[in-house]
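Trainee: Here's a structure for you.
The values are calculated or read from the model by the stated rules, or taken from the named source; none is laboratory data. As the structure is a prediction and not an experimental result, all values here were calculated from the model. Here the Cβ is made from the backbone with ideal geometry for all residues, glycine too, and neighbour counts use every protein chain on show. Each accessible area value is taken on the protein alone, full model and side chains, heavy atoms only, with ligands, DNA and RNA left out. Shrake-Rupley method; radii C 1.70, N 1.55, O 1.52, S 1.80 Å.
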Amino acid sequence: MAEVAEAAPVVLDPRWTSVRRVAIVPALNEEEAIARVIDEIRAFDPGLEIVVIDDGSVDRTAAVAEQRGAHVIRLPFNLGIGGSVQTGFRYAFDEGFKLAVRLDGDGQHDTAELGKLLEPVLADETDIAVGSRFILASGYRSTRSRRAGITILAKTVSMLVGRRVTDPTSGFQALNRHAIALFAADYPHDIPEVEAVLMTHKHKLRMTEVPVEMRERAGGRSSIGSIFAVYYMVKVLLALFVGLFRKNVTPLEDAK
């Protein structure tokens, strides 16, 4: 029987490994996928601290994450994606992390793509790099109905910020300390990534989309069901226009 060749080790950029760095993983009822997500993050960078935000799960998400060695923050009840992600950013800020990556707990985000996100952040070309599944015509790109909704949101956001945005709902991100400080101080709630693009623009932070491939979720189910998809889209569109007149927040790093 032929021997199976071992995978080549990941060569990490010293600009990344020389500073404190964290992976923020929001998770709601993801016991089927969370172990794989944590294992893949560790395979990418064994020195990366992993914090799983358990957003009021009623399954074994938190227990499985702890067994895999992740630091788990258990929220007493479900705050929604915005609240759980901001909890992760607040933890990253308070603990002094200089760089962060954000991956969803459902396995859609492939750590093999993290290098693409990190490069522009490490080169100081951007404050936030966002993985877009719509720049390339490959990989999993969500259902047809969701793609239609994302297209409407993308066109609206592009108009508001004056540049092309292709995947405003992507939660696959790499961030520097400036972006961590902003989102630790304030972060939107329903489908927060869309409003966060506008926040970033108003605060004059640099945001760059990077082409990545994504996968279908490994387990669980989306927090936004198809019945509520139209409701959420209308709600986010209204929030975007309200956000145009919203007073800017002070990033935590500047508030000290």
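Trainee: Kindly indicate whether Phe134 is among the aromatic types (Phe, Trp, Tyr) and more than 14 Å from Arg21 (Cα to Cα). Write out each step before concluding.
Mentor: Values: among the aromatic types (Phe, Trp, Tyr): yes; more than 14 Å from Arg21 (Cα to Cα): yes.
When the stated conditions are applied, Phe134 passes them.
Trainee: When only residues in the range 43-65 that are part of a helix (DSSP H, G or I) and surrounded by fewer than 17 Cβ atoms within 10 Å (Cβ to Cβ) count, which is farthest from the chain's Cα centre (by Cα)? Don't jump to the end; show me each part of the working.
Mentor: Initially, the range 43-65 is screened for residues part of a helix (DSSP H, G or I), giving 43-44, 61-65.
Then drop every residue that is not surrounded by fewer than 17 Cβ atoms within 10 Å (Cβ to Cβ), which leaves 43, 63.
Numbers: Ala43: 19, Ala63: 22 Å.
The extreme case among them is Ala63.
Trainee: Can you find a residue in the range 183-190 that is in contact (Cβ under 8 Å) with a residue 40 or more places away in the chain, small (Gly, Ala, Ser), more than 17 Å from Val101 (Cβ to Cβ) and open to solvent by 50 Å² or more (accessible area, probe 1.4 Å)? Steps first, answer last, please.
Mentor: Taking the range 183-190 as the starting set, the residues that turn out to be in contact (Cβ under 8 Å) with a residue 40 or more places away in the chain are 183-190.
Filter again for small (Gly, Ala, Ser), leaving 184-185.
Pick out the ones that are also more than 17 Å from Val101 (Cβ to Cβ) and you get 185.
Going one step further and asking which of them are open to solvent by 50 Å² or more (accessible area, probe 1.4 Å), we end up with none.
Scanning the range 183-190 turns up no residue that is in contact (Cβ under 8 Å) with a residue 40 or more places away in the chain, small (Gly, Ala, Ser), more than 17 Å from Val101 (Cβ to Cβ) and open to solvent by 50 Å² or more (accessible area, probe 1.4 Å).
Trainee: Tally up the residues in the range 81-109 that are in a helix (DSSP H, G or I) and open to solvent by less than 20 Å² (accessible area, probe 1.4 Å), please.
Mentor: Of the residues in the range 81-109, the ones in a helix (DSSP H, G or I) are 81-94.
After this cut, where a residue has to be open to solvent by less than 20 Å² (accessible area, probe 1.4 Å) as well, the list is 82-85, 88-89, 92-93.
Number satisfying all stated conditions: 8.
Trainee: Now a separate question. Anything in the range 66-113 that is within 17 Å of Glu31 (Cβ to Cβ) and without any contact (Cβ under 8 Å) to a residue 40 or more places away in the chain? List them, or say none.
Mentor: Taking the range 66-113 as the starting set, the residues that turn out to be within 17 Å of Glu31 (Cβ to Cβ) are 66-70, 72-75, 78, 84, 103-108.
Listed by number, the residues that qualify are Glu66, Gln67, Arg68, Gly69, Val72, Ile73, Arg74, Leu75.
Trainee: Still on this structure: What do you reckon, is His178 farther than 15 Å from Leu103 by Cβ and at pLDDT below 95? Explain how you work it out, then say what you get.
Mentor: Working: farther than 15 Å from Leu103 by Cβ: yes; at pLDDT below 95: no.
No.
Trainee: Quick one: count up the residues across the range 58-87 that are farther than 17 Å from Ala35 by Cβ and β-branched (Val, Ile, Thr).
Mentor: So the count comes out to 5.
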